[in-house]
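Undergrad: Here you go, one structure.
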Amino acid sequence: MQDKWQLIEIFRRSIGFGRLFDLYRKKFESYGAFGTVKMLPTREEDKALRGFLGVRYKGPRFPAIDFEKAVIEAGYSISLIELLELYYGCRLLTKREQKELKVSAWENLFVRVEQDFIMRFNVSDSDKEYFFQKTFRWCERLKAGDVKGHRILSIAFDKGANVDSELFTCISALWHLLMRKDEMFKACGISTGKIRLPMFAAYVTEDSHAFDKTNVIGRLLWSALDDISSQSLMLSENVNSHLTVIPEYLLERQIYRHFDILDDDLSSISHVFVPHLVNGISPRTLNLREIEEMKQLPQYSSMYIIENPSVISYLVDETIHFLNLNKFTLEQLPSNFPALLCTIGQARTASKVFIEKCLTANPNCVIYYSGDLDVPGIQMMNNMKEQFSAEFYAWRMDASIYRKYVASKSKALSDADLKILQEKDSGLEKEMVQIKAKVYQELFGKELRGDWIKEVSAVFSVNQFDK
């Protein structure tokens with residue numbers, strides 16, 4: 001008998017057998033037997049298969065028994081299942097067997113991780129039970145698939161990722177947070193009772209980015225905290241009731257904070273021009289931390305929201321010029337004078353918190369929003385309108401402005417953009433679909449300036465009239 005590896009090498013080098021072997025494999029996985037498969041061979045496949053099967057070649061029908069007989073007649077002692085396992089480099093299993101192995105591997109994962117966790121932290125039976133109670137038996141429910149985080153872990157598991165490490169790290173983080181927090185704070189030199197997320201990650205894993213949401217472990221840990229918080233809320237155990245009413249954009253941060261974890265509150269920024277709140281003759285950049293520390297904002301009568309930084313700078317420049325020209329000062333503006341805010345593109349948490357604080361101070365504050373006349377600009381406007389309960393107006397985002405400034409050199413809208421716009425029925429969006437071009441906010445700055453300076457001028461006209 002000839003070496004079976006020679007036959008495998010022949011099949012691998014030939015382009016005529018791959019598709020047939022795939023069909024045999026799929027048939028076996030579905031039924032546990034090969035039987036007969038049907039295939040319309042290409043010219044190359046027909047030549048290879050006819051040459052190997054000889055008189056057993058039967059066109060579009062390929063019985064497995066005929067292929068096995070051809071193998072034996074060629075001088076090789078190997079069954080079709082052994083041949084395919086060598087060809088694919090793995091054991092062939094039926095779908096039922098694959099499912100059973102997957103279930104077993106999933107259960108063994110949790111057994112291994114629990115054993116490693118107990119050994120690593122020298123966890124007593126009583127501490128283990130108390131820890132499981134504090135997590136509302138999250139790990140057990142994770143294994144059963146009845147908890148937030150199951151999809152995250154199962155996807156990584158299906159991809160063959162090192163989920164042992166991910167799950168162990170997540171449980172370790174929960175252990176430090178719920179059972180050994182004081183020890184962790186002391187080791188990190190923390191006296192405020194709060195730990196920054198990167199410091200927490202570094203303490204648990206020695207990698208300050210380990211709990212970033214771009215990582216499986218970061219998403220898994222947040223899901224665990226979210227679930228534990230939700231379970232606690234349902235049982236009304238030591239949870240702040242405001243977690244039930246916070247806006248969606250703050251949910252992630254508030255879940256962390258419920259567990260004394262502080263995330264990045266410096267990178268989220270907003271540009272504002274609010275003379276009675278922040279001194280200066282230019283727009284100020286405020287980060288989320290600064291905005292959250294503001295206890296009470298003035299009762300602004302309205303708020304003008306800009307998408308692009310260059311436009312808010314332009315409007316502030318024009319404001320200062322108008323005041324200087326007319327010998328007025330910023331201090332003469334009333335405390336309820338409209339706020340001017342720039343989201344810097346898509347509104348970040350800092351901008352949203354500032355807007356929310358303005359509406360809290362004055363629920364009747366009117367919002368005027370202006371952005372680019374393109375798909376992202378319109379989507380940002382619509383998102384802003386949906387997120388805040390306020391009287392809301394699109395500021396110069398209309399068909400007349402679009403027609404005035406669209407030109408032959410305007411940047412074209414993509415097919416994907418047009419498809420999105422076609423689903424809308426406003427006059428602006430219909431014009432954009434017809435002309436197929438974008439108009440950026442900077443082009444209609446003159447109109448925005450006219451509206452804004454009218455607001456400024458009205459203040460002093462009223463004051464002079466009162467005198």
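The values are calculated or read from the model by the stated rules, or taken from the named source; none is laboratory data. Not measured: the values here are computed from a predicted model. Glycine gets a Cβ as well: all are built from the backbone with ideal geometry, and neighbour counts include every protein chain shown. Quick note on the areas: whole protein, heavy atoms, side chains included, nothing else; ligands and nucleic acids left out. Shrake-Rupley method; radii C 1.70, N 1.55, O 1.52, S 1.80 Å.
Undergrad: Once a ≥ b ≥ c are taken as the square roots of the eigenvalues of the Cα gyration tensor of segment 42-148, is the result rounded (a/c under 1.5), prolate (a/b larger than b/c) or oblate (a/b not larger than b/c)? Each step should come with its number before you reach the end.
TA: Working: a/c = 5.50, a/b = 3.64, b/c = 1.51.
Cα axes put segment 42-148 in the prolate bin.
Undergrad: What relative contact order, as a whole-number percentage, does the chain give when Cα pairs under 8 Å and 6 or more residues apart are counted?
TA: Values: 552 pairs, mean separation 40.8, N = 467.
It comes to 9 percent, rounded to a whole number.
Undergrad: Points 7 angstrom from Cα along the Cβ direction at Asp125 and Ser310: gap in nanometres?
TA: Taking the two extended label points, one gets 7.2 nm.
Undergrad: For Phe28, tell me the accessible area in Å² from a 1.4 Å probe, rounded to the nearest 10.
TA: Spelled out: Phe28, probe radius 1.4 Å, area about 20 Å².
Undergrad: Longer than 30 Å from Cα to Cα, which of Lys58/Lys159; Lys27/Lys69; Lys213/Lys385 are they? Say none if no pair is. Don't jump to the answer; show the numbers that get you there.
TA: Values: Lys58/Lys159 39 Å; Lys27/Lys69 19 Å; Lys213/Lys385 27 Å.
Those over the limit are Lys58/Lys159.
Undergrad: When the Karplus curve 6.51 cos²θ - 1.76 cosθ + 1.60 is applied with θ = phi - 60°, which whole-Hz ³J(HN,Hα) does each residue of segment 285-296 get, with x for Gly and Pro?
TA: Each residue's phi maps through the Karplus curve to give 8, 10, 8, 4, 4, 5, 5, 5, 7, 6, 6, 9 Hz.
Undergrad: What are the residues whose amide H is under 5 Å from the amide H of Ile269, where those residues sit 5 or more places off or on another chain and H is modelled from the backbone?
TA: Ala350
Undergrad: Oh, and also: For the chain, build the charge dipole from Cβ charges (+1 Lys, Arg; -1 Asp, Glu) around the Cα centre, then report which of Ile155, Ala173, Ala407 sits farthest towards its positive end.
TA: Result: Ala407.
Undergrad: For a quick check: with amide H placed at 1.01 Å from N, whose amide H comes under 5 Å from Ser302's, ignoring anything fewer than 5 positions away on the same chain?
TA: Amide H to amide H, under 5 Å and 5 or more residues apart or across chains, Ser302 pairs with Ala339, Val366.
Undergrad: Would you work out which of Cys358, Phe337, Asn326 lies farthest towards the positive end of the dipole of segment 225-358, given +1 charges on the beta-carbon of Lys and Arg and -1 on that of Asp and Glu, about the Cα centre?
TA: Asn326
Undergrad: Tell me the mean residue ellipticity at 222 nm calculated for the chain from its helices only (DSSP H runs of n ≥ 4, each -39500 (n - 2.57), averaged over every residue, nearest 500).
TA: Details: 22 runs with 265 residues, N = 467.
So the helix-based figure for the chain works out to -17500 deg cm²/dmol.
Undergrad: Report the FRET efficiency, 1/(1 + (r/R0)^6), for Gln346 and Arg43, where r is their Cβ-Cβ distance and R0 is 45 Å, rounded to 0.05.
TA: On the way: r = 54 Å, r/R0 = 1.21.
Computed FRET efficiency for Gln346 and Arg43: 0.25.
Undergrad: Sort Met179, Met199 from largest to smallest accessible area, using a 1.4 Å probe on the heavy atoms of the protein chains. Display every interim value, and only then the final one.
TA: Working: Met179 30, Met199 85 Å².
From most accessible down to least: Met199, Met179.
Undergrad: I need the phi-derived Karplus couplings for segment 347-358: 6.51 cos²θ - 1.76 cosθ + 1.60, θ = phi - 60°, integer Hz, Gly and Pro marked x.
TA: 4, 8, 4, 4, 5, 5, 5, 4, 4, 4, 5, 5
Undergrad: Taking θ = phi - 60°, what integer Hz values does the Karplus form 6.51 cos²θ - 1.76 cosθ + 1.60 yield along segment 57-65, in sequence order, with x for Gly and Pro?
TA: Computed from phi, the couplings for segment 57-65 are 5, 10, x, x, 10, 10, x, 4, 5 Hz.
Undergrad: Specify, per residue and in Å³, the volume enclosed by the convex hull of the alpha carbon atoms belonging to segment 216-316. Mind dumping the intermediate values first?
TA: Values: hull volume 14.4 nm³, N = 101.
For segment 216-316, the hull spanned by Cα atoms encloses 142 Å³ per residue.
Undergrad: Here is a follow-up. How far is helix 445-466 tilted off the main Cα axis of the chain, in degrees rounded to 10, range 0 to 90?
TA: 30
Undergrad: Would you kindly state how much longer the chain becomes between Ala202 and Leu101 on full extension, computed as 0.36 nm times their sequence separation minus their alpha carbon distance, in nm to one decimal? If you can, show how the numbers build up before the last one.
TA: Values: separation 101, 0.36 × 101 = 36.36 nm, distance 3.55 nm.
Fully extending the segment from Ala202 to Leu101 adds 32.8 nm.
Undergrad: Specify which residue in the list Gly51, Ile420, Leu92 is farthest towards the positive end of the charge dipole of the chain, using unit charges on the beta carbon of Lys, Arg (+1) and Asp, Glu (-1), about the Cα centre.
TA: The one lying farthest along the dipole's positive direction is Gly51.
Undergrad: Which lysines does Lys186 reach when only Cα atoms under 21 Å apart count, and residues fewer than 8 places away in its own chain are ignored?
TA: Lys194
Undergrad: For Ile320 and Leu23, calculate 0.36 nm times their separation in residues minus their Cα-Cα distance, and state this gained length in nm to one decimal. Mind showing how you got there, number by number?
TA: Values: separation 297, 0.36 × 297 = 106.92 nm, distance 7.60 nm.
Gain on stretching Ile320 to Leu23: 99.3 nm.
Undergrad: I would also like to ask the following. Once the piece of chain linking Asp264 and Lys357 is laid out straight, how much longer is it, given 0.36 nm per residue of separation minus the C-alpha distance between them?
TA: Numbers: separation 93, 0.36 × 93 = 33.48 nm, distance 1.98 nm.
Using 0.36 nm per residue and subtracting the Cα-Cα distance, I get 31.5 nm.
Undergrad: A further question on this structure: Of the DSSP beta bridges with both residues in the chain, give the percent that are antiparallel, rounding to the nearest 5.
TA: Working: 12 of 26 bridges.
Bridges in the chain are about 45 percent antiparallel.
Undergrad: Next up: Rounded to the nearest 0.05, what FRET efficiency is calculated for Lys58 and Asp146 with R0 set to 56 Å and r the Cβ-Cβ distance? Mind showing how you got there, number by number?
TA: On the way: r = 51 Å, r/R0 = 0.92.
The computed FRET efficiency comes out at 0.60.
Undergrad: Hey, rough spin-label estimate for Leu235 and Arg289, points 7 angstrom out along Cα→Cβ, what's it come to in nanometres?
TA: So the two model labels end up 3.5 nm from each other.
Undergrad: Calculated FRET efficiency, Thr94 and Glu252, Cβ-Cβ r, R0 30 Å, to nearest 0.05? Don't jump to the answer; show the numbers that get you there.
TA: Details: r = 43 Å, r/R0 = 1.43.
The computed FRET efficiency comes out at 0.10.
Undergrad: Okay, moving on. Considering only protein heavy atoms, with the full assembly of protein chains and a 1.4 angstrom probe, order Asp158, Asp226, Asp212 by accessible area, largest first. Write out the running numbers ahead of the final one.
TA: Working: Asp158 95, Asp226 15, Asp212 55 Å².
Correct descending sequence by accessible area is Asp158, Asp212, Asp226.
Undergrad: Under a 1.4 angstrom probe, counting protein chains only, how are Lys95, Lys446, Lys186, Lys128 ranked by accessible area, largest first? Display every interim value, and only then the final one.
TA: Values: Lys95 120, Lys446 150, Lys186 170, Lys128 55 Å².
The ranking, largest first, comes out as Lys186, Lys446, Lys95, Lys128.
Undergrad: For Lys409, which lysines qualify as cross-link partners when the Cα separation must be under 28 Å and same-chain residues fewer than eight apart are set aside?
TA: Lys419, Lys424, Lys430, Lys436, Lys438, Lys446
Undergrad: Related question: Can you give me the relative contact order of segment 328-390 as a percent, contacts being Cα pairs under 8 Å and 6 or more apart? Please report the intermediate quantities before stating the final value.
TA: Details: 21 pairs, mean separation 17.0, N = 63.
For segment 328-390, the relative contact order is 27 percent.
Undergrad: OK, next. If you compute Cα Rg over 2.2 N^0.38 Å for the structure shown, which of [x] 1.46; [y] 1.06; [z] 0.97 do you land on?
TA: Label [x] holds the value from this structure.
Undergrad: Given contacts defined as C-alpha pairs under 8 Å and at least six residues apart, what's the relative contact order of segment 122-211, whole-number percent? Working shown, then result.
TA: Numbers: 46 pairs, mean separation 14.7, N = 90.
It rounds to 16 percent for segment 122-211.
Undergrad: Hey, got the dipole for the chain? About the Cα centre, +1 on K and R Cβ, -1 on D and E Cβ, debye to the nearest 20? Before the final figure, lay out each step's value.
TA: Numbers: 61 positive and 63 negative charges, 296 e Å.
Result for the chain is approximately 1420 debye, rounded to the nearest 20.
Undergrad: Against the longest alpha carbon principal axis of the chain, how many degrees, from 0 to 90 and to the nearest 10, is the axis of helix 248-258 turned?
TA: That helix lies at roughly 80 degrees to the long axis.
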